[in-house]
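Everything below concerns the one structure shown next.
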Amino acid sequence: MPAQTDIIGKLPSESRVAIIRLRSLGDCVLCTPAIELLQHARPDLRIAVVVEDRFADVFRGNPAIAEVLPPTARAVRGFAPELCLNFHGGTRSARLTLLSGAKFRAGFDIFRPEFVYNTPIPTAQEILAVTRQVHTAEHMASAMFYLGVPRTWIPRARMSAPAGRSPHAPGGAYAVIHPLAATPEKTWTTASFVETAKFLNESMKLEPVFIGGPGEDLSAFQQWRTVVGAPLTEIGQLMRDASLFIGNDSGPAHVAAAFGLPLVVLFGPSDAGIWSPWRTVGKVLKSEGSISNIAVNDALRALERVYSVQEAHR
């Protein structure tokens, strides 16, 4: 199979392209470099992203994206795409791809059922002509390269936030802390985050602001400012104006990276080579065994280093 086609180059002027990216905050953020590559190669195309409402604000305000569509067959077919590219691969996204009415229905060749896709995309390794492990952002960008976007440097993830300060931001300089994760194996200890918050406040003069999703419990950190279940737009504002981020391997770390925030991310069992924040000043601390084995002092030194690097470039 060839490592590149010319489908993108042959699309008629002002064609519509639907990109399906269901689920996962981090995955949504990490597909924005691929979308930027497509828009840069063909600025005339009208690009829509198909996504659940809770993640739609990842894409709203992005100048590369013309529309954000709900994940319904009516919405996708009504958009009338010439190309429908599935970045998700599940049953629901396969159905949306099939019913899109697109001339070209693209998805990675491991996606099932096979008959949905008349434009199967090979592995990122084959497209990029490498044998190494590839990052998730590279994986999605490789699909664009295969479809005909000229191969080039893969940019940073992008998000936008409304003008103005987040209602949750303190008056002075602050650091955002995300102390939770999807599973216990990915969650650094509460005591370690408490010690880190004290260091940020006392030694680095940054007020800690803890964030959590809807229904998550941040009561262990109530001596500091906490934000639970805020809209993604407000979290975006909070990240944009922060000085530093530290958190577990989860979606908010990718949001921080999309705003270019210097960060430290704590990894348990997940593969940091695939899921680390993309193209920002940062440090990944990967545990040997349990994530609780990551030493607090290692995290504090990392915070000082990434913060000093960022300050030196201001």
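Of everything in segment 275-294, what is in a loop (DSSP other than H, G, I, E, B) and of a type outside the set (S, T, N, Q)? Give them in sequence order.
Passing the criteria: 277, 278, 279, 281, 288, 289, 294.
Scan segment 51-67 and give yes if some residue there is closer than 14 Å to residue 149 by Cα and either in contact with a Gly (Cβ under 8 Å, 6 or more places away or on another chain) or at pLDDT 95 or above (or both), otherwise no.
No; the residues of segment 51-67 include none that is closer than 14 Å to residue 149 by Cα and either in contact with a Gly (Cβ under 8 Å, 6 or more places away or on another chain) or at pLDDT 95 or above (or both).
For segment 295-314, which positions are closer than 30 Å to residue 141 by Cβ and either in contact (Cβ under 8 Å) with a residue 40 or more places away in the chain or part of a helix (DSSP H, G or I) (or both)?
If the condition is that a residue be closer than 30 Å to residue 141 by Cβ and either in contact (Cβ under 8 Å) with a residue 40 or more places away in the chain or part of a helix (DSSP H, G or I) (or both), then 302, 303, 305, 306, 307, 309, 310, 312 are the ones that fit.
Just checking, which of 171, 148 is small (Gly, Ala, Ser) and free of Cβ contacts under 8 Å to residues at least 12 places away in the same chain?
Residue meeting the stated conditions: 171.
Name the residues in segment 91-102 that are among the small types (Gly, Ala, Ser) and in a helix (DSSP H, G or I), would you?
At the first step, the residues of segment 91-102 found to be among the small types (Gly, Ala, Ser) are 93-94, 100-102.
Residues satisfying the conditions are 93, 94.
If I ask for residues that are in a helix (DSSP H, G or I) and over 14 Å from the mean Cα position of the chain (by Cα), which ones from segment 236-249 would you list? Spell out the reasoning first.
Step one: of segment 236-249, the residues in a helix (DSSP H, G or I) are 236-240.
237, 238, 240 - these are the residues of segment 236-249 that are in a helix (DSSP H, G or I) and over 14 Å from the mean Cα position of the chain (by Cα).
If we keep just the residues of segment 1-29 that are touching a helix residue (DSSP H, G or I) at 6+ places or on another chain (Cβ under 8 Å) and basic (Lys, Arg), which is surrounded by the fewest Cβ atoms within 10 Å (Cβ to Cβ)?
23
Regarding residue 257, is this residue in contact (Cβ under 8 Å) with a residue 60 or more places away in the chain, among the small types (Gly, Ala, Ser), buried (at least 24 other Cβ atoms within 10 Å of the Cβ) and closer than 17 Å to residue 294 by Cβ?
Criteria not met by residue 257.
Check 95, 105 and return the single one that is free of Cβ contacts under 8 Å to residues at least 24 places away in the same chain, crowded, with 21+ Cβ neighbours inside 10 Å and either in the same structural domain as residue 23 (by TED's automatic domain parsing) or among the charged types (D, E, K, R) (or both).
105
Only one residue in 38, 69, 45 is in contact with a Phe, Trp or Tyr (Cβ under 9 Å, 6 or more places away or on another chain) and either over 18 Å from residue 233 (Cα atoms) or surrounded by 15 or more Cβ atoms within 10 Å (Cβ to Cβ) (or both), so which one is that?
After applying the criteria, what remains is 69.
Of the numbered conditions (1) under 21 Å from residue 53 (Cβ atoms); (2) charged (D, E, K, R); (3) over 19 Å from the mean Cα position of the chain (by Cα), residue 185 satisfies every one except a single condition; which is it?
(1)
Only one of 165, 156 is in contact with a Lys or Arg (Cβ under 7 Å, 6 or more places away or on another chain), farther than 30 Å from residue 74 by Cβ, surrounded by fewer than 18 Cβ atoms within 10 Å (Cβ to Cβ) and in contact (Cβ under 8 Å) with a residue 24 or more places away in the chain; which?
Numbers: 165 fails: in contact with a Lys or Arg (Cβ under 7 Å, 6 or more places away or on another chain).
The conditions single out 156.
Would you check if there is a residue in segment 234-241 being touching a Leu at 6+ places or on another chain (Cβ under 7 Å), at pLDDT 95 or above and surrounded by 19 or more Cβ atoms within 10 Å (Cβ to Cβ)?
Within segment 234-241 (the criterion being touching a Leu at 6+ places or on another chain (Cβ under 7 Å), at pLDDT 95 or above and surrounded by 19 or more Cβ atoms within 10 Å (Cβ to Cβ)), the answer is yes, since at least one residue qualifies.
From the set of residues in segment 197-219 that are more than 27 Å from residue 55 (Cβ to Cβ) and in contact with a Phe, Trp or Tyr (Cβ under 9 Å, 6 or more places away or on another chain), which is surrounded by the most Cβ atoms within 10 Å (Cβ to Cβ)?
First, pick out the residues of segment 197-219 that are more than 27 Å from residue 55 (Cβ to Cβ): 197-207.
Subset that is in contact with a Phe, Trp or Tyr (Cβ under 9 Å, 6 or more places away or on another chain): 197, 200-201, 204, 206-207.
Values: 197: 22, 200: 25, 201: 16, 204: 17, 206: 22, 207: 19.
Applying the filter and picking the extreme gives 200.
For segment 103-121, which residues satisfy the criterion of being assigned to a loop (DSSP other than H, G, I, E, B) and closer than 16 Å to residue 31 by Cβ?
Correct list: 111 only.
Checking residue 255 against (1) in a strand (DSSP E or B); (2) under 13 Å from residue 176 (Cβ atoms): exactly one of these is not met. Which one?
Answer for residue 255: the failing condition is (1).
The values are calculated or read from the model by the stated rules, or taken from the named source; none is laboratory data. The structure presented is a predicted model; accordingly, all values stated were derived computationally and were not measured. Positions of Cβ are generated from backbone atoms using ideal geometry, with glycine treated the same way; all protein chains shown enter the neighbour counts.
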